[in-house]
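What follows is a structure written as C-alpha cells; I'll ask about it next.
The values are calculated or read from the model by the stated rules, or taken from the named source; none is laboratory data. All values derive from a computational prediction rather than experimental measurement. For neighbour counting, all protein chains shown are included, and Cβ atoms are generated from backbone atoms with ideal geometry for every residue, glycine included.
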Amino acid sequence: MSAAPSLSPSTAGTPAAPLQPVPLLQIEGLVREYRLPRESLFQAPPVLRALDGVDLQMAAGESVGIVGESGCGKSTLARTVVALESPSAGRVIFDGDDLFKLGRRDLLARRRDLQMVFQDPYGSLDPRHKVERVVAEPMEGLKTAGMAERAERVAEALAQVGLRPADADRYPHEFSGGQRQRIAIARALITRPRLIVADEAVSALDVSVQSQVLNLMMDLQAAVGMGYLFISHDLGVVGHVTDRVAVMYLGRVVETGRTAEIFHNPAHPYTRTLLAAVPVPDPARSRRRRARKTADQGPALTPQASGQSRPACAFMPRCGRATDICGTRRPELRPVDGGRLAACHHV
Ligand SMILES: Nc1ncnc2c1ncn2[C@@H]1O[C@H](COP(=O)(O)OP(=O)(O)OP(=O)(O)O)[C@@H](O)[C@H]1O
Ligand SMILES: [Mg+2]
C-alpha cells in the first residue's frame, strides 16, 4: 500500500534517496491530559496523561499504522489529529498549518482534508437520517455545494465504496455491518480528504467482511491517493495495509519504521513483547489471517496524582534489559539498525 516515499528524515536514508518533501502530517511533542474527578475535596484532581509527547510524521499518500495495547492512547491520538480534541501541549501540523492555531473557520476548511472512520458501524451512523444525509454530513459546515452537487457527490462516494445510487434513499439500519462501514467510508470520502484516520475501522466486522473492507480501502488509496493513519489492535491487519508503523506504549511512540522491518525484526523490547504475544502473519502470504487481540495485556494508563511519576522509561517495570538509566533518563526516539527509530537506551 505504498505511494509516497517515507518522510521521516531519520528513517530515510539511502544515498540515492530523493529530497524529502514536506510531510503532510507532523505530530510534534503531543501531550493530552485528562483531569479526572477528584476523590475528595482535599485532593488535587488526578491527571491521566493519555499522550505523553508523541512525535510522528507522515507523507502524502502514505499508510501508517498505530499499534499498542488497549489504553496506550491510540484513539486519543486519532481524535487529536483530526482536531476533535485539543492537545494539552505539542502541535499537529497538517500540510504546513498548525491546526490548533487556526481560527474556527480555517480549521473547518482544513478538516475537509482530514476525515475519520470510527470502529462502530452501528453507533457512528445517525439512525434517524437517510444515507444521503449521513454521507453528505461532512460537507454541511463547509457550505461548498448546492443540492445538485451534493447529490452528485453522494452518488460518487457511494459508487466508490461499491454501493448503489439508490442506497442513498435508505436508512443505515437496512444495511449489514460491512455495508455500514462502507457508508462510513463514503462519508469520509465525500470531502475528498488527503488523510483518513481509521480507528479500529474493521475490528467490529467478521473476518471475511474485514478483508473486503480492507481491500476496498486499499483500492481507494490507489485510486484516490489519500493516506491512512490506520489504528488497530490487529497486527495482521496492520501488517497487511500499512507501509510504516508506530508502536505506542503508555502514551509514547517507542518504535517506528517500515512495517515489514519492525514486524520481522523488532528492536524495542516492548515491540518484541507485543509481537511475541501474537503470531504475526507474513503480510504477503496470509493476508487474511487475523492475529489475536493484544488488549488486556500489560498495564493500562493510570492516573497520576501531582508529584507522582512513572520511571523515565515507562516500559522499565516490564523490561528484561532495564538498568538504572531507564529509571532516570527518558529514552528519546533515535535511529537504530535497520533504518527505524526506537526509544530505548539498550538498542
Ligand atoms: N475522555 C476521557 N476522559 C478521561 N480519560 C480518558 C478519556 N479518553 C481516554 N481516556 C483514557 O486515556 C487512556 C488512553 O485511551 P485511548 O482510548 O486513547 O486508548 P486506546 O489505545 O485507543 O485503547 P483501545 O485499544 O482500548 O481502544 C486510557 O487510559 C483511557 O481510559
Ligand atoms: Mg481506541
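List pairs: first residue in the range 116-135 and of a type in the set (Ser, Thr, Tyr), second residue part of a loop (DSSP other than H, G, I, E, B) and within 16 Å of ligand 1 (Cβ to nearest atom) anywhere in the structure, Cβ distance under 9 angstrom, at least six positions apart or on different chains.
What qualifies is 122/204; 124/118.
Count, please, the residues in the range 91-115 that happen to be without any contact (Cβ under 8 Å) to a residue 12 or more places away in the chain and outside any helix (DSSP H, G or I). I'd like the intermediate steps shown before the answer.
The initial filter retains those residues of the range 91-115 that are without any contact (Cβ under 8 Å) to a residue 12 or more places away in the chain, namely 98, 101-106.
Filter once more, keeping what is outside any helix (DSSP H, G or I): 98, 102-103.
Total satisfying the criteria: 3.
I've got another one for you. Looking at the range 45-62, which of its residues are within 14 Å of the chain's Cα centre (by Cα) and part of a strand (DSSP E or B)?
51, 54, 55, 56, 57, 58
Still on this structure: Looking at (1) part of a helix (DSSP H, G or I); (2) touching a residue at least 40 places away in the same chain (Cβ under 8 Å); (3) more than 21 Å from the chain's Cα centre (by Cα), which one does residue 138 not meet, given that it meets all the others?
Residue 138 satisfies every listed condition except (3).
Out of the range 100-125, which residues are among the aliphatic types (A, V, I, L, M) and under 16 Å from the mean Cα position of the chain (by Cα)?
Let us first name the residues in the range 100-125 that are among the aliphatic types (A, V, I, L, M), namely 102, 107-109, 114, 116-117, 125.
Across the range 100-125, the qualifying residues are 114, 116, 117.
Among the residues of the range 116-132, write down those that are outside any loop (DSSP other than H, G, I, E, B) and aliphatic (A, V, I, L, M). Reasoning before the result, please.
Pass one, the range 116-132, residues outside any loop (DSSP other than H, G, I, E, B): 116-117, 131-132.
The answer is 116, 117, 131.
Going by the conditions given, is residue 75 of a type in the set (S, T, N, Q) and in contact (Cβ under 8 Å) with a residue 60 or more places away in the chain? Walk me through how you get there before you give the answer.
Details: of a type in the set (S, T, N, Q): yes; in contact (Cβ under 8 Å) with a residue 60 or more places away in the chain: yes.
Yes; evaluated as a whole, the condition is true for this residue.
Looking only at the range 63-75, count every residue that is more than 10 Å from ligand 2 (Cβ to nearest atom) and more than 12 Å from the chain's Cα centre (by Cα) and tell me the total. Outline the logic, then answer.
Going through the range 63-75, the residues more than 10 Å from ligand 2 (Cβ to nearest atom) turn out to be 63-65, 67, 69.
Next, from what is left, pick out any that are more than 12 Å from the chain's Cα centre (by Cα): 69.
The number of residues fulfilling the criteria is 1.
I've got another one for you. Pull up the range 153-185, narrow it to residues that are without any contact (Cβ under 8 Å) to a residue 12 or more places away in the chain and charged (D, E, K, R), then point me to the one that is nearest to residue 203 (Cα to Cα).
174
Scan the range 232-247 and report the pairs whose first residue is part of a loop (DSSP other than H, G, I, E, B) and whose second residue is of a type in the set (Gly, Ala, Ser) and buried (at least 24 other Cβ atoms within 10 Å of the Cβ), with Cβ atoms within less than 6 Å and a gap of 6+ or a chain change.
So the pair list comes out as 242/63; 242/65; 243/63.
I need the full set of residues from the range 68-89 which are within 15 Å of ligand 1 (Cβ to nearest atom) and not in a helix (DSSP H, G or I), in order please.
Residues of the range 68-89 within 15 Å of ligand 1 (Cβ to nearest atom): 68-82, 84-88.
Correct list: 68, 69, 70, 71, 72, 73, 82, 84, 85, 86, 87, 88.
Next up: Provide a single number: the residues in the range 101-159 that are touching a Pro at 6+ places or on another chain (Cβ under 8 Å) and of a type in the set (Gly, Ala, Ser).
The total comes to 2.
Can you work out which of the residues in the range 208-233 that are within 16 Å of ligand 1 (Cβ to nearest atom) and either surrounded by fewer than 19 Cβ atoms within 10 Å (Cβ to Cβ) or modelled with pLDDT of 90 or more (or both) is farthest from residue 61 (Cα to Cα)? Give the derivation first.
We begin by selecting, within the range 208-233, every residue within 16 Å of ligand 1 (Cβ to nearest atom); these are 229-233.
Those left that are additionally either surrounded by fewer than 19 Cβ atoms within 10 Å (Cβ to Cβ) or modelled with pLDDT of 90 or more (or both): 229-232.
Working: 229: 10, 230: 12, 231: 16, 232: 19 Å.
Filtering first and then ranking leaves 232.
Residue-by-condition table, conditions (1) in contact with a Lys or Arg (Cβ under 8 Å, 6 or more places away or on another chain); (2) within 12 Å of ligand 1 (Cβ to nearest atom); (3) at pLDDT 95 or above; (4) at positive phi:
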position	(1), (2), (3), (4)
45	yes, yes, no, no
51	yes, yes, yes, no
66	yes, yes, yes, no
92	no, no, yes, no
95	yes, no, no, yes
99	yes, no, yes, no
106	no, no, no, no
112	yes, no, no, no
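Sticking with this one: Limited to the range 83-123, what total is found for residues that are surrounded by 21 or more Cβ atoms within 10 Å (Cβ to Cβ), of a type in the set (A, V, I, L, M, F, W, C) and within 16 Å of ligand 2 (Cβ to nearest atom)?
Total meeting the criteria: 2.
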